[in-house]
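Working notes for the structure below.
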Amino acid sequence: MTDHINQSLSAREMVRAHAYPVLAAFSSLSLFAMALLLIPQAVRHHRFNRCVDAQIQMRDAINPGSQQGPGRINELKAFRHCEGR
């Protein structure tokens with residue numbers, strides 16, 4: 001084999017010269033595929049979060065004097081509604 005300036009390269013030198021670009025391309029394609037596969041999950045979680053936010057706002061509007069804090073009953077009801085239970 002010859003390289004770009006017509007020097008004769010051994011098999012080992014050819015592998016060394018071309019392994020990095022091949023591995024870089026494979027890594028880039030793998031990352032792109034993983035990103036594409038994560039899109040549906042991200043969309044589902046985004047919709048779930050919007051549903052929970054809307055349910056909590058609606059329940060707070062109905063009952064403005066409800067308990068405020070991390071253990072609110074409105075939040076639990078919102079999760080149950082958005083999960084379809």
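The values are calculated or read from the model by the stated rules, or taken from the named source; none is laboratory data. Every value quoted in this text rests on a predicted model; they were computed, and no experiment measured them. Cβ: placed from backbone, ideal geometry, glycine included. Neighbour counts: every protein chain shown. Just the protein is used for accessible areas: all its heavy atoms, side chains included, with ligands, DNA and RNA removed. Shrake-Rupley method; radii C 1.70, N 1.55, O 1.52, S 1.80 Å.
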In region 41-85, residue modelled with the highest pLDDT [restricted to those that are among the small types (G, A, S), within 25 Å of the chain's Cα centre (by Cα) and on the phi < 0 side of the Ramachandran plot]: A42
First in region 58-85 and under 22 Å from H45 (Cβ atoms), second anywhere and assigned to a loop (DSSP other than H, G, I, E, B) and modelled with pLDDT under 70, Cβ under 7 Å, 6 or more apart: R72/S66; N74/S66
Selected residue (criterion: nearest to R80 (Cα to Cα)) from residues of region 39-58 that are of a type in the set (A, V, I, L, M, F, W, C) and surrounded by 11 or more Cβ atoms within 10 Å (Cβ to Cβ): V52
Pair list, Cβ < 8 Å and 6+ apart or interchain, from region 14-35 residues that are in a helix (DSSP H, G or I) to residues that are open to solvent by 100 Å² or more (accessible area, probe 1.4 Å): M14/M1
